[in-house]
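The values are calculated or read from the model by the stated rules, or taken from the named source; none is laboratory data. These figures come from a predicted structure and were not determined experimentally. Please note: Cβ atoms are built from the backbone with ideal geometry, for glycine as well, and neighbour counts cover all protein chains shown.
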Amino acid sequence: MARAVTMQRKLAFTALAWMVAFVLFFPILWTILTSFKPEAQAIASPPVIIPSWTFENYIEVQARSDYFRHFFNSVWISVGSTLIALLIAIPAAWAMAFTPTPKTKDVLMWMLSTKMMPAVGVLVPMYLLFRDFGLLDTVWGLTMVLTLINLPIVIWMLYTYFREIPVDILEAARMDGAVLWKELVYVLVPMAVPGIASTLLLNIILAWNEAFWTINLTASKAAPLTAFISSFSSPQGLFWAKLSAASTLAIAPILVLGWLSQKQLVRGLTFGAVK
Amino acid sequence: MATQHSRALARFMMAPSVVLLLIWMIVPLALTLWFSFQNYNLLNPGMQSFAGLFNYEYFLTDPAFIQSITNTLLLVGGVLLITVIGGILLALLLDQPIFGQSIIRILVISPFFIMPPVAALIWKNMLMHPGYGIFARIAEFFGQTPVDWFAQVPLFSIILIVAWQWLPFATLILLTALQSLSEEQKEAAEMDGANALNRFIYIILPHLARAITVVILIQTIFLLGIFAEVLVTTNGGPGYNSTNLAFLVYRTALLSFDVGGASAGGVIAVILANIVAIFLMRAVGKNLDA
């Protein structure tokens with residue numbers, strides 16, 4: 001009896017959970033389906049659910065707007081800024097995790113506090129500085145800004161991972177006469193690779209989706225996908241299939257990365273406050 | 001000796017991060033402050049002069065400012081309400097034994113990875129479009145007049161879109177917190193005859209309190225700066241009906257070229273965010289001691 005009730009309960013919760021999940025995922029699913037429909041089918045009434053699987057929208061989007069230039073701008077900016085941030089952050093996080101001083105906590109909190117500054121608070125000077133230094137609409141300029149924006153998160157994530165590496169191992173290496181750089185390269189880095197990898201993934205996602213600086217500091221040449229997609233907002237024509245194709249291409253790679261990193265996501269996004 | 005040596009090295013290793021963040025924190029903000037006391041319009045480049053508090057007076061007495069503050073608070077409050085309550089319910093549901101849990105998890109978390117302009121455009125066109133959107137189709141099916149979302153309830157429409165993006169975040173964090181609640185505690189309460197509601201109020205909710213605080217604070221930081229969703233859906237309109245503070249500053253700076261006015265708005269946004277930040281830092285800081 002008890003088992004039957006549990007089974008019924010499980011089935012009921014399963015049905016409910018699938019329904020909620022479907023509703024939440026529906027906008028994404030619908031976009032992907034629409035991207036494979038001819039334009040007429042995309043706005044047909046009643047709605048056509050199964051597309052006729054045409055690829056013309058994808059071809060058209062590339063032909064009309066040089067889609068892949070924007071795609072590679074996004075790749076360059078998000079991967080580039082993340083790698084530079086990691087390069088700067090790894091030594092800092094290592095120092096704070098393994099040579100903590102009474103001030104370490106204050107330094108960490110201060111670093112996090114720089115993340116609290118609203119972007120809009122410094123939009124004006126950043127725009128003018130970019131203009132004066134010829135950085136407007138350049139991939140390098142954006143990479144620089146995104147590096148700075150994400151640096152505190154990168155340091156924090158690495159710090160929370162590094163802190164969990166047992167210090168004894170480092171001491172053993174020291175006993176064996178390992179010098180500091182060897183300590184770093186042969187002992188710490190291999191143990192830290194999983195932490196570094198998930199930091200890398202989360203930051204690529206954050207940088208890929210960053211939609212304030214990327215829109216305001218680019219025009220066309222260096223525009224990543226965020227700025228490119230935003231340009232679809234003005235003309236009111238019905239071109240949903242093409243919009244869907246462009247959107248699908250913009251979200252697909254990061255959706256996959258997101259699924260891969262979802263286990264580490266909570267920790268990274270809450271600065272280690274919820275694990 | 002060795003410690004002194006390693007401390008010097010530690011400082012050396014931290015230097016690049018510290019210096020960069022110091023510059024990033026001070027230079028732009030100092031410039032914003034400086035500009036906020038200047039008469040400076042990009043259309044008259046030669047005419048820069050000291051303005052005193054004029055920009056603040058101008059910005060604070062602009063009717064659009066009051067409305068943008070109200071809209072900012074409504075946007076933050078509305079999204080928090082939906083995502084926190086929805087997130088708790090959803091986390092409780094996903095914490096039950098169900099079939100296909102990992103696939104459901106992936107489906108539920110997905111909206112969080114959608115870049116803001118795409119999320120906004122999908123909702124604007126394919127869901128909320130008054131003629132061809134799915135919502136209009138559903139309304140027609142039930143014989144109702146479709147809602148013209150962005151004309152009739154622009155701010156609410158944006159709240160819905162942003163809530164869709166952030167509900168997964170709240171759910172995921174609350175679910176993680178929920179899963180760290182010991183089964184023994186729940187079972188003990190059940191044995192003592194506590195019903196589901198009491199178990200929720202006296203055991204689960206207090207356990208979630210910390211995670212809820214974190215969700216509220218982190219989301220607030222991001223929600224105060226919502227920009228792309230407004231830009232691609234309503235462009236702040238109709239009128240100023242869906243203009244938030246971030247969008248108003250953008251408008252003043254890059255559409256009216258009023259450097260001074262926009263900077264004053266920026267300073268106000270910084271002050272607003274700092275009030276929230278103080279609370280967040282305390283919550284996160286506590287964890288460092290633990």
Exercise. If you go through the stretch B:151-163 one residue at a time, do you hit one that is hydrophobic (A, V, I, L, M, F, W, C), at pLDDT 90 or above and in contact with a Pro (Cβ under 8 Å, 6 or more places away or on another chain)?
Worked result: no
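Here's the yes/no breakdown for (1) part of a helix (DSSP H, G or I); (2) in the same structural domain as A:Ile215 (by TED's automatic domain parsing):
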{"site": "A:Ala15", "(1), (2)": "yes, no"}
{"site": "A:Trp18", "(1), (2)": "yes, no"}
{"site": "A:Leu24", "(1), (2)": "yes, no"}
{"site": "A:Leu29", "(1), (2)": "yes, no"}
{"site": "A:Ile50", "(1), (2)": "no, no"}
{"site": "A:Phe71", "(1), (2)": "yes, yes"}
{"site": "A:Val75", "(1), (2)": "yes, yes"}
{"site": "A:Ala85", "(1), (2)": "yes, yes"}
{"site": "A:Ala89", "(1), (2)": "yes, yes"}
Exercise. Are any of the residues in the stretch B:207-223 aliphatic (A, V, I, L, M) and free of Cβ contacts under 8 Å to residues at least 24 places away in the same chain?
Worked result: yes
Exercise. All but one of (1) more than 16 Å from A:Thr160 (Cα to Cα); (2) at pLDDT 90 or above; (3) of a type outside the set (Lys, Arg) hold for A:Ala89; which doesn't?
Worked result: (1)
For this session: Determine, yes or no, whether B:Leu248 is in contact with an Asp or Glu (Cβ under 9 Å, 6 or more places away or on another chain) and either within 30 Å of A:Ser247 (Cα to Cα) or facing chain A (nearest Cβ under 8 Å) (or both).
Result: yes
Problem set entry | A:Ala44 in a helix (DSSP H, G or I), surrounded by fewer than 19 Cβ atoms within 10 Å (Cβ to Cβ) and not polar (S, T, N, Q) | no
Exercise. Which residue pairs have Cβ atoms closer than 8 Å, lie 6 or more positions apart in sequence or on different chains, and pair a first residue in the stretch B:83-102 that is closer than 21 Å to B:Lys186 by Cα with a second residue that is surrounded by fewer than 22 Cβ atoms within 10 Å (Cβ to Cβ) and of a type in the set (Lys, Arg)?
Worked result: B:Leu94/B:Arg105; B:Gln96/A:Arg9; B:Gln96/A:Lys10; B:Pro97/A:Lys10; B:Ile98/A:Lys10
Problem set entry | Matching option when the condition is touching a Gly at 6+ places or on another chain (Cβ under 9 Å) and either not in a helix (DSSP H, G or I) or not assigned by TED's automatic domain parsing to the domain that holds A:Tyr159 (or both), among A:Gly134, A:Gly141 | A:Gly134
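Residues are listed down the side, and each one gets a yes or a no for (1) under 22 Å from A:Phe22 (Cβ atoms); (2) surrounded by 14 or more Cβ atoms within 10 Å (Cβ to Cβ):
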{"site": "B:Leu121", "(1), (2)": "yes, yes"}
{"site": "B:Ile138", "(1), (2)": "yes, no"}
{"site": "B:Pro154", "(1), (2)": "no, yes"}
{"site": "B:Ala177", "(1), (2)": "no, yes"}
Exercise. Does A:Met126 satisfy the condition of being facing chain B (nearest Cβ under 7 Å), assigned to a loop (DSSP other than H, G, I, E, B) and either out of contact with any strand residue (DSSP E or B) (no Cβ under 7 Å at 6 or more places or on another chain) or farther than 14 Å from A:Pro152 by Cβ (or both)?
Worked result: no
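Checking the structure you have, find out if any residue of the stretch A:69-87 is surrounded by fewer than 22 Cβ atoms within 10 Å (Cβ to Cβ), over 26 Å from B:Phe113 (Cα atoms) and of a type in the set (A, V, I, L, M).
Start the filter on the stretch A:69-87 by keeping residues that are surrounded by fewer than 22 Cβ atoms within 10 Å (Cβ to Cβ), which leaves A:69, A:71-72, A:75-76, A:79-80, A:83-84, A:86-87.
Next, from what is left, pick out any that are over 26 Å from B:Phe113 (Cα atoms): none.
Within the stretch A:69-87 (the criterion being surrounded by fewer than 22 Cβ atoms within 10 Å (Cβ to Cβ), over 26 Å from B:Phe113 (Cα atoms) and of a type in the set (A, V, I, L, M)), the answer is no, since none of the residues qualifies.
On the phi < 0 side of the Ramachandran plot, in contact with a strand residue (DSSP E or B) (Cβ under 9 Å, 6 or more places away or on another chain) and assigned by TED's automatic domain parsing to the domain that holds B:Ser263: does that describe B:Ser102? First the steps, then the outcome.
Details: on the phi < 0 side of the Ramachandran plot: yes; in contact with a strand residue (DSSP E or B) (Cβ under 9 Å, 6 or more places away or on another chain): no; assigned by TED's automatic domain parsing to the domain that holds B:Ser263: yes.
No; evaluated as a whole, the condition is false for this residue.
Pick out the one residue from A:Leu188, A:Leu184, A:Leu206 that is at pLDDT 85 or above and part of a helix (DSSP H, G or I).
Details: A:Leu188 fails: at pLDDT 85 or above; A:Leu184 fails: at pLDDT 85 or above.
Residue meeting the stated conditions: A:Leu206.
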Problem set entry | Members of the stretch B:84-101 found to be surrounded by 14 or more Cβ atoms within 10 Å (Cβ to Cβ) and within 12 Å of chain A (Cβ to nearest Cβ), listed by number | B:Gly86, B:Gly87, B:Leu90, B:Ala91, B:Leu92, B:Leu93, B:Leu94, B:Asp95, B:Gln96, B:Ile98, B:Gln101
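Please verify whether A:Ser220 is buried (at least 17 other Cβ atoms within 10 Å of the Cβ) and either within 10 Å of chain B (Cβ to nearest Cβ) or not aliphatic (A, V, I, L, M) (or both), treating the condition exactly as stated. It would help to see each step written out before you state the result.
On the way: buried (at least 17 other Cβ atoms within 10 Å of the Cβ): no; either within 10 Å of chain B (Cβ to nearest Cβ) or not aliphatic (A, V, I, L, M) (or both): yes.
Taking the combined requirement at face value, the residue does not satisfy it.
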Exercise. From the list B:Val108, B:Val162, which residue is buried (at least 16 other Cβ atoms within 10 Å of the Cβ) and away from chain A (no Cβ under 11 Å)?
Worked result: B:Val162
